[in-house]
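Step one of this worksheet: look at the structure below.
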Amino acid sequence: LMKKVYIKTYGCQMNERDSEAVAAMLRARGYAIIPSEADADVILLNTCSVRDLAEQKAIGKMTTLAHLKRRKPDLVLGYLGCMAQSRGGALAEKQSAVDLVVGTQRFHHVPDYLDQIFTRRCEDADSYDEELKAIVDTAEEPGSESTIRDHVLGTNGNRQVTAFVSIMQGCDMYCSFCIVPYTRGSERSRPIAEIVEEIQQLVDQGVQEVTLLGQIVTSYGRKDIGKQDGKSAFVQLLEAVHEVEGLERIRFTSPHPKGFGDDLIQAYRDLPKLCEHAHLPVQSGSNRLLKAMNRGYTREWYLRILDKLREAQPKIAISTDIIVGFPGETEEDFEHTASLMREVEFDQAYIFKYSPRRDTPAAELPDQLSDDEKERRNQIVLEILNDRMARKNQELVGQTVEILVEGRSEKAGKRMFGRTRTNKIVLFDGDEPHQGELLPVCIERATTITLYGNPAIHNL
């Protein structure tokens with residue numbers, strides 16, 4: 001009988017991509033991937049460690065599942081990903097219902113481990129032992145960056161138009177607030193030819209837009225590929241991907257401002273498929289804090305990069321990440337961040353209240369701020385952001401923009417949705433045949449986050 005697996009994902013797009021690859025590997029092994037936990041024989045939580053809240057959510061979820069397991073003793077429960085990597089066997093020791101803990105470099109072993117668990121249970125059926133030891137694997141594995149290449153496309157009968165492609169694993173930046181280098185290991189990049197081949201296969205299956213993923217995507221290949229003709233390995237990759245026929249759009253995330261050399265800035269001018277959107281995580285507007293965060297640039301340097309980008313590509317939309325309440329952030333430091341938000345007028349920003357992660361340098365710093373103060377600062381920055389976003393979206397009303405139609409929006413009363421090249425979401429009344437089309441849409445109204453449009457072809 002085919003075993004049914006439900007995978008719940010916490011955290012970033014890298015995690016979504018990892019879950020999708022695990023699902024594809026399991027499917028190839030004869031497991032069924034199902035959309036809810038109700039009928040599952042196996043429930044896997046792909047975890048995140050970036051903020052404490054994400055870890056607590058996963059642990060809380062597993063506690064609930066442990067109760068379910070009392071009623072369904074055959075249920076297999078597992079942790080995957082970043083929290084599995086950092087906490088390892090301690091997770092199985094604390095929660096005896098856990099059968100499997102697999103770290104970030106061992107995802108491709110999940111099918112083997114599930115096979116083992118089910119085989120072992122069959123063999124031990126007569127002397128069934130509740131206390132069979134959990135399988136824990138958080139080892140490092142050379143070459144694991146090239147195992148995340150399987151895709152599950154168009155699961156609910158819709159053809160999938162966009163896809164994430166993992167180009168590397170790990171991070172060597174060691175920002176003082178971040179646990180990622182400890183959970184994902186050091187940088188390892190896949191060969192250009194292998195990535196291009198994966199994208200070609202996706203395009204052959206109807207994908208028209210790819211997002212290249214890396215923890216610091218702009219650091220791609222700097223160790224093993226290096227520069228050529230003054231171009232970084234990442235720009236060499238962008239140029240190679242640009243050659244794939246049938247591919248319409250290229251995006252990438254998440255970069256580091258230091259990765260925006262003149263070669264990458266020029267790519268925004270020279271590569272028509274590269275979307276006019278750059279995610280540039282600034283984290284703080286205070287030079288004192290940028291230094292404490294070990295970010296390796298100043299506010300002035302960051303603003304210069306933005307000027308160069310806007311000069312090379314006047315239509316470019318800029319998004320960012322901001323941390324408020326970093327240890328020792330004074331009112332003056334915070335004001336520098338608020339003033340940067342006003343000055344740059346970001347198109348989108350992800351604002352995080354600082355959350356201490358154990359084993360990171362910032363967690364040990366004195367002058368940790370209270371939750372109330374973090375929340376107050378969070379609200380101020382959010383207000384600046386929302387004000388700018390609403391105004392920028394309002395300016396688009398009456399304009400015609402090109403969107404790539406991705407499908408039906410579950411949240412918005414079944415309207416169709418797509419994204420502009422600048423990564424803004426547009427909802428419109430349309431039908432499935434529009435899916436996968438590049439469609440001109442006239443923007444009729446706008447909210448802070450969403451644009452509402454009418455396909456311009458109807459108005460001809």
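The values are calculated or read from the model by the stated rules, or taken from the named source; none is laboratory data. These figures come from a predicted structure and were not determined experimentally. No Cβ is skipped: glycine too gets one built from the backbone with ideal geometry, and neighbour counts run over all protein chains shown. Surface accessibility is based on the protein's heavy atoms, side chains included, excluding ligands, DNA and RNA. Shrake-Rupley method; radii C 1.70, N 1.55, O 1.52, S 1.80 Å.
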For segment 68-220, what number results from the quotient of the Cα radius of gyration and 2.2 N^0.38 Å? 1.25
Once phi for every residue in segment 369-377 is put through the Karplus expression 6.51 cos²θ - 1.76 cosθ + 1.60 (θ = phi - 60°), the whole-Hz ³J(HN,Hα) values, with Gly and Pro written as x, are 8, 6, 4, 4, 5, 4, 5, 4, 5
Which whole-Hz ³J(HN,Hα) couplings does segment 305-317 yield from phi under the Karplus relation 6.51 cos²θ - 1.76 cosθ + 1.60, θ = phi - 60°, glycine and proline marked x? 4, 4, 4, 4, 4, 5, 6, 5, 9, x, 7, 5, 9
Rounded to 5, percent antiparallel among DSSP beta bridges of the chain: 35 percent
I'd like to know how segment 20-141 sits against the 2.2 N^0.38 Å rule of thumb: what's its Cα Rg over that expected value? 1.01
Using the alpha carbon gyration tensor of segment 389-446, what are the three equivalent-ellipsoid semi-axes (square root of 5 times each eigenvalue), largest first, in whole Å? 19, 12, 10
Run the numbers on the chain and let me know its relative contact order in percent, using alpha-carbon pairs under 8 Å that are six or more apart. 10 percent
Column: log10 I(q)/I(0), Debye, Cα scatterers of segment 46-100, q = 0.21 Å⁻¹: -0.73
Calculate, in nm to one decimal, what K411 and D204 gain on full extension: separation in residues at 0.36 nm each, minus their alpha carbon distance. 71.6 nm
Using only Cα atoms, what Kirkwood radius does segment 173-253 have, in angstroms? 13.8 Å
Segment 165-206 - Rg and Dmax from Cα coordinates, angstrom: 14.1, 42
Here segment 344-357 yields Karplus 3J(HN,Hα) values (6.51, -1.76, 1.60; θ = phi - 60°; whole Hz; Gly and Pro given as x) of 7, 6, 5, 7, 7, 8, 10, 9, 10, 7, 3, 10, x, 9
Output the 0 to 90 degree angle, nearest 10, between the alpha-carbon long axis of helix 13-28 and the longest principal axis computed from the alpha carbons of the chain. 40 degrees
Going out from 0 in 5 Å bins, what whole percent of all Cα-Cα distances in segment 286-356 drops into each bin? 3, 14, 24, 28, 17, 8, 4, 1
Per the chain, sqrt(5λ) over the Cα gyration tensor eigenvalues, sorted largest first, in Å, gives 36, 28, 23
10 °C / 1.306 mPa s Stokes-Einstein diffusion coefficient of segment 214-291, Kirkwood radius on C-alpha pairs, µm²/s: 118 µm²/s
Relative to the longest principal Cα axis of the chain, at what angle does helix 52-71 sit, 0 to 90 degrees, rounded to 10? 30 degrees
Taking placed amide H atoms and a strict 5 Å upper bound, the residues 5 or more places from L274 or on another chain that come that close are I250
With the cut-off at 29 Å, report for segment 186-336 the share of all Cα pairs above it, as a whole percent. 23 percent
Output the antiparallel fraction of DSSP beta bridges having both residues in segment 305-460, as a percent to the nearest 5. 70 percent
As a test of the formula, what do you get for the chain when each DSSP H run with n ≥ 4 contributes -39,500 (n - 2.57) and the sum is divided by the residue count, at 222 nm and rounded to the nearest 500 deg cm²/dmol? -10500 deg cm²/dmol
The alpha-carbon center of segment 64-120 and that of segment 387-460 are separated, in whole Å, by 42 Å
Rg and Dmax of segment 363-420, Cα atoms only, in Å: 18.8, 52
FRET efficiency for R269 and E93, Cβ-Cβ distance as r, R0 = 60 Å, nearest 0.05? 0.65
Can you give the direction-averaged projected area of the convex hull of the alpha-carbon atoms in segment 4-72, in nm²? 4.7 nm²
Under 5 Å between amide H atoms, partner at least 5 residues away or on a different chain: which partners does F352 have, H built in plane at 1.01 Å? I322, I323, V324
Helix 192-204 versus the longest principal axis of the chain: what angle, 0 to 90°, nearest 10, using Cα atoms? 90 degrees
Segment 357-460 - Kirkwood radius from inverse mean 1/r over Cα pairs (Å): 16.1 Å
Spatial extent of segment 303-437: Rg and Dmax, with the Cα atoms as the point set, Å: 19.0, 58
In segment 303-395, what percent of the accessible surface is made up of carbon and sulfur (1.4 Å probe, ligands and nucleic acids excluded)? 49 percent
Counting only residues 5 or more places away or on other chains, whose amide H sits under 5 Å from the amide H of A317 once H atoms are built in the peptide plane? H277, A278
Pairs K57/K392; K315/K392; K308/K392; K69/K94: which are spaced more than 24 Å apart, C-alpha to C-alpha? K57/K392
